[in-house]
Structure formats: structure tokens, C-alpha cells
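Have a look at the structure below before the remarks.
The values are calculated or read from the model by the stated rules, or taken from the named source; none is laboratory data. In this text the structure is predicted, and so the values were computed from the model without any measurement. No Cβ is skipped: glycine too gets one built from the backbone with ideal geometry, and neighbour counts run over all protein chains shown.
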Amino acid sequence: MHEWVSDSQQTPHVIIDADRPGVVVPRPFVKDGKIVLNLSLTATQNLSLGNEWIEFGARFAGVVHFIRVPIAAVLGIYARETGEGMCSPIRTWVRSRRRSRAPKRTARGART
């Protein structure tokens, strides 16, 4: 899935259950027990996508953090640009997150 998203010139993101055992992510960026990680090659350092773990280095607020996530903690993977991908039942969380980032429209259709 990561390869398909990347080959389509889109940005792969994963949704992680940050409360699962073995998850190493910067805790200040966890919201509601979940964290969304950008897995693009430009956003990661030494990205390793294995059968058991995802590991890489990434910057959060300018500071490099080592990320280590067991595959069992991955709730979904999707393309940031389109929202297409594969998710577990938290799909509604992804949709609501994407809507909250979308420009708001007034009654006349103008963006705010």
C-alpha cells in the first residue's frame, strides 16, 4: 500500500494506536490515543517497513525523533491528498480529521 501511494505521487500517512505496547512516538503529538505519521521518503530518515515493525527517524517541531511502531498498532494507511487507503473501523475519525482541515465555506460558498 505504501508503494502504491508513493508511486501515485501522493503522500502516505498511517494512523497509529499510540497506546499499543511497543509504540515509540513523541507523546506530545498523540491525540485521543492516536497519532498520524507521514511515511513519505522526504519526511522520514532510514525508513524501514518490515513485517513486524515500522521504524524511522522524523522531525517533530524541528526535533528528530526515533519512531518504532509494531505493525499491529497500524489502524490504517491512506493518501493525504485523496483520503484513499485502507483503514480499520476508525475511518470516521480520519474523515472528521480531514474535514476539520478543509477550508470552511460560508452560506454563499466563499472559503474562509
Filtered residue count, the stretch 36-67, keeping only those that are touching a helix residue (DSSP H, G or I) at 6+ places or on another chain (Cβ under 8 Å), under 16 Å from Thr11 (Cα atoms) and free of Cβ contacts under 8 Å to residues at least 40 places away in the same chain: 3
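Does the stretch 84-101 contain any residue that is at pLDDT 90 or above and either buried (at least 16 other Cβ atoms within 10 Å of the Cβ) or in contact with a strand residue (DSSP E or B) (Cβ under 7 Å, 6 or more places away or on another chain) (or both)?
Keep residues of the stretch 84-101 that are at pLDDT 90 or above, which gives none.
Looking for residues that are at pLDDT 90 or above and either buried (at least 16 other Cβ atoms within 10 Å of the Cβ) or in contact with a strand residue (DSSP E or B) (Cβ under 7 Å, 6 or more places away or on another chain) (or both), one finds none in the stretch 84-101, hence no.
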Check on Thr42, under 15 Å from the mean Cα position of the chain (by Cα), of a type in the set (Ser, Thr, Tyr) and at pLDDT 90 or above: yes
Matching residues in the stretch 32-57 - criterion: being assigned to a strand (DSSP E or B) and among the charged types (D, E, K, R): Lys34, Glu55
Only one of Ala61, Ala43 that is on the phi > 0 side of the Ramachandran plot and aliphatic (A, V, I, L, M): Ala61
Filter result for Phe29 (in contact with a Phe, Trp or Tyr (Cβ under 6 Å, 6 or more places away or on another chain), modelled with pLDDT of 95 or more and surrounded by 12 or more Cβ atoms within 10 Å (Cβ to Cβ)): yes
